[in-house]
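Throughout, read-outs are computed from the coordinates displayed, never taken from laboratory work. Everything numeric here is computed off the predicted structure, so don't read it as measured data. When we count neighbours, we look across all protein chains shown, and the Cβ atoms used for this are built from the backbone with ideal geometry, even at glycine.
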Amino acid sequence: MKKYTYTESKDTRSGFGAGLAELADKNPDVVALCADLIGSLKMEKFIEKAPERFFQIGIAEANMIGIAAGLAIEGKIPFTGTFANFSTGRVYDQIRQSVAYSDKNVKICASHAGLTLGEDGATHQILEDIGLMKMLPGMTVINTCDYNQTKAATIAIADYEGPVYLRFGRPVIPVFTDENQTFEIGKAWMVNEGKDVTIVATGHLVWEAIKAGEILEAEGIDAEIINIHTIKPLDSEAILKSIKKTGCIVTAEEHNKLGGLGDSVAQLLITEYLAPQEYVAVNDSFGESGTPAELMEKYGLNAESIVEAVKKVMKRK
Amino acid sequence: MAHDISKLQNIASQVRRDIVRMVHACQSGHPGGSLGCTDFLVALYFDVMKRKEGFDMKAKGEDAFYLSNGHISPVFYSILAHAGYFDKSELLTFRKLNSRLQGHPTTHEGLPGIRIASGSLGQGLSVAIGHAVGKKLDKDENLIFSLHGDGELQEGQNWEAIMYASHNKVDNLIATIDYNGQQIDGPTSKVLSLGSLKTKFEAFDWKVLEVENGNDLEEILNVLDQAKSLTGKGQPICILLKTGMGHGVDYMMGTHAWHGKAPNDEQLAKALDQLEETLGDY
């Protein structure tokens, strides 16, 4: 098991803020829009550097998506920022018609995704957003795992032509990926090579998967851990290659088990290569108030849950 | 500015023929609002708007138009064809399989002249504002025009957009409301009253202009000239255009019955009798 150490912990949303700030200098076509959540989305630095390219929309997400589409027509590269719930569920039809169906180069950047938003509770904790976004034809769906990866992804999507959903979150978690990484859309990251089981994880669950890998190693189980930061397009090749070696797979995500990464992997397996799979995901329910750690434990989204799922899936080989 | 009214009248007559023939050919579509907005769109595309040759999605150095009430696609397609964005013969394919002329307008099939999909109502004003603020950012002084149904204003997103445009002084935008008082289920006054649109827009700090006869080319041109002269003064501009749904075909006028209904063979013949073929049928 490869060792991942870290010296600091940060929130992924700050990675977004840092990436966006870098884009303010790097790409004059990048514009940013926000629906009254500048602080939450960490957009202050962008605004400081490029005030004329920032649009405060107010609490009006539908209008924000439409304005972003219009700015894209002019040739700008709009990054919209609000919570994941208000970035997707609230404005699904606006994204569907004015962005996805209209082929607009809009980057929908969503913070506070999943349960780890914490105390605000289920009204704000969307667990369906990956599913909603991946069903839209032409939409790229990215869910990053730490500060550095989020920063790199933010910068990378500006160079990609087409609509993107970029999902990140609020909790402070270890920063363990390379500071100077190049983010490649659609390319899985091999976290740890192993032979007994494949664990594919996205977002905050990647660090949990690494911790699970260490627990499993102590018990003599050699886990291959893959970070799927891009859920659509899915890196089918990397997943199939791994599963042909290990013979079973666990998917781990901070999302409803319906419609998320797990379902994307299941679809791949059922059409390409049959193998047992277990889901680590929320079991078709809403969230609730609590601390992020409490919620991850209660809803079965931590390292221990992954370990349990690995043992179960290995028995089914 | 001198306007060539008779030229515009000729185009309008032919566009109306196209509309009824298109919806008849596929036995679906929305003739009522299309006929009602014909004169406005003819004035816009063939007189008022600054347009370059060919289609440029970004509309650099020219005006751009957004149709928010996408169901009146027949008039939009006919206008775009006559304006030279694609061949008139393609109007034959309206609403048919493999056509670029979808039931509601889309960019997805690559039809020149269209910048955004519309059909799901209430989204066009936001997009128009986005393009307008983009033009300001690029210091392009050309204008954005948009058209919206009155019933469409029942969609809440419009009011988000209306509030945004005045707060941010989006004064390079002229949004026109097709104020025909009709929607699918009946008069707007019965379905969900709009109240005084003039008062509402003014309360949101827009400049409001009104056209009593939105099917009179001279009145339309006058108000558009006036609207253009009011741009760049810190306020977005709204034109309340009172049109007659189905205008130009007697049995379609004054009712919502032809909002989304196609004429049969006999009705088509009757409609065409009332509309002079001026520029040749497609």
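Which residue fluctuates the most in chain B, going by a Gaussian network model with Cα springs under 10 Å, if the choices are B:E212, B:E266, B:E109?
Maximum among the listed residues: B:E266.
Quick one: 3J(HN,Hα) in Hz for the stretch A:299-314, Karplus 6.51/-1.76/1.60 with θ = phi - 60°, rounded, Gly and Pro as x.
For the stretch A:299-314, the Karplus-derived couplings read 8, x, 10, 10, 4, 4, 5, 5, 4, 4, 5, 4, 5, 5, 6, 5 Hz, x marking Gly and Pro.
What does the charge count around B:L125 come to, taking other residues whose C-beta lies under 10 Å from its C-beta (Lys +1, Arg +1, Asp -1, Glu -1)?
Net local charge, B:L125 excluded: -3.
Could you work out the Rg to Rh ratio of the stretch A:14-170, with Rh taken as the Kirkwood radius (inverse of the mean 1/r over all Cα pairs)?
The Rg/Rh ratio comes out at 0.92.
Looking only at Cα atoms, what is the convex hull volume of chain A per residue, in Å³?
115
Just report the Cα centroid separation between the stretch B:53-92 and the stretch B:193-217, whole Å.
Using only Cα atoms, the two centres lie 26 Å from each other.
Given chain B, what percent of its DSSP beta bridges are antiparallel, to the nearest 5?
Looking only at bridges with both residues in chain B, the antiparallel portion is about 10 percent.
Going down the table (A:K151/B:K169; B:K58/B:K242; A:K26/A:K76; A:K10/A:K311), which pairs top 25 Å between alpha carbons?
A:K151/B:K169; B:K58/B:K242; A:K10/A:K311
Pick from B:Y251, B:Y179, B:Y77: which is most flexible by mean-square fluctuation in a GNM of chain B where alpha carbon atoms under 10 Å apart are linked?
Maximum among the listed residues: B:Y251.
How shielded is A:98-111 by partner chains, expressed as the average number of their Cβ atoms within 10 Å of its Cβ atoms?
3
Just need log10 I(q)/I(0) for chain B at q = 0.08, 0.14 Å⁻¹, Debye formula, equal scatterers on the alpha-carbon atoms, no solvent, rounded to two decimals.
Normalising to I(0) and taking log10 leaves -0.29, -0.96.
Can you give the mean number of other chain Cβ atoms that lie within 10 Å of the Cβ atoms in peptide B:111-119?
Averaged over the peptide's residues, the number is 4.
Against the longest alpha carbon principal axis of chain A, how many degrees, from 0 to 90 and to the nearest 10, is the axis of helix A:147-158 turned?
50
Å³ per residue of the Cα convex hull, for the protein assembly as shown?
153
What base-10 log of the normalised intensity I(q)/I(0) is obtained for the stretch A:98-239 from the Debye formula, alpha carbons as equal point scatterers, at q = 0.09, 0.16, 0.18 Å⁻¹?
Debye curve over Cα of the stretch A:98-239, log10 I(q)/I(0) at q = 0.09, 0.16, 0.18 Å⁻¹: -0.29, -0.88, -1.07.
Beyond 17 Å, how much of the Cα-Cα pair distribution for the stretch B:58-204 remains, as a whole percent?
Value for the stretch B:58-204 (Cα pairs over 17 Å): 63 percent.
Quick one: which residues, 5 or more positions from A:D11 or on another chain, have an amide H under 5 Å from its amide H? H modelled 1.01 Å from N in the peptide plane, none for Pro or chain starts.
Amide H neighbours of A:D11: A:I173.
How large is log10 of I(q)/I(0) for the stretch A:37-118 at q = 0.20, 0.22, 0.24, 0.25 Å⁻¹ when the intensity is taken from the Debye formula with one equal scatterer per alpha-carbon?
-0.91, -1.07, -1.22, -1.29
Round to the nearest 10 and give me the degree value, 0 to 90, for the angle of helix A:261-272's Cα axis relative to the longest principal axis of chain A.
Tilt of helix A:261-272: around 60 degrees.
If I build a Gaussian network model for chain B, linking alpha-carbon pairs within less than 10 angstrom, which residue out of B:N264, B:N69, B:N215 has the largest mean-square fluctuation?
B:N264
May I ask you to list, by number, the DSSP H helices of chain B whose Cα span along the axis is at least 30 Å and whose average Kyte-Doolittle hydropathy reaches -1.0 or more?
Result, helices passing both filters: B:5-26.
Take every residue in peptide A:73-80, count the Cβ atoms of other chains within 10 Å of its Cβ, and give the average of those counts.
6
Please express the shape of the stretch A:84-145 as an equivalent ellipsoid: the semi-axes are the square roots of 5 times the eigenvalues of the C-alpha gyration tensor, given largest first in whole angstrom.
Each semi-axis is √(5λ); the values are 22, 12, 9 Å.
Return the percentage of antiparallel bridges among DSSP beta bridges fully within the protein assembly as shown, rounded to the nearest 5 %.
Of all bridge pairs located within the protein assembly as shown, approximately 15 percent are antiparallel.
Using only Cα atoms, what is the ratio of the radius of gyration of the stretch A:215-317 to 2.2 N^0.38 Å?
Against the compact-globule rule of thumb, the ratio is 1.08.
Relative to the first principal axis of the alpha-carbon coordinates of chain A, what is the inclination of helix A:236-246, with its axis defined by its Cα atoms, in degrees from 0 to 90 and to the nearest 10?
On a 0 to 90 degree scale, this one is about 20.
For the stretch B:1-112, report the translational diffusion coefficient in µm²/s to the nearest whole number, using Stokes-Einstein at 10 °C, 1.306 mPa s, and a Kirkwood Rh over Cα pairs.
Rounded to a whole number, D works out at 111 µm²/s.
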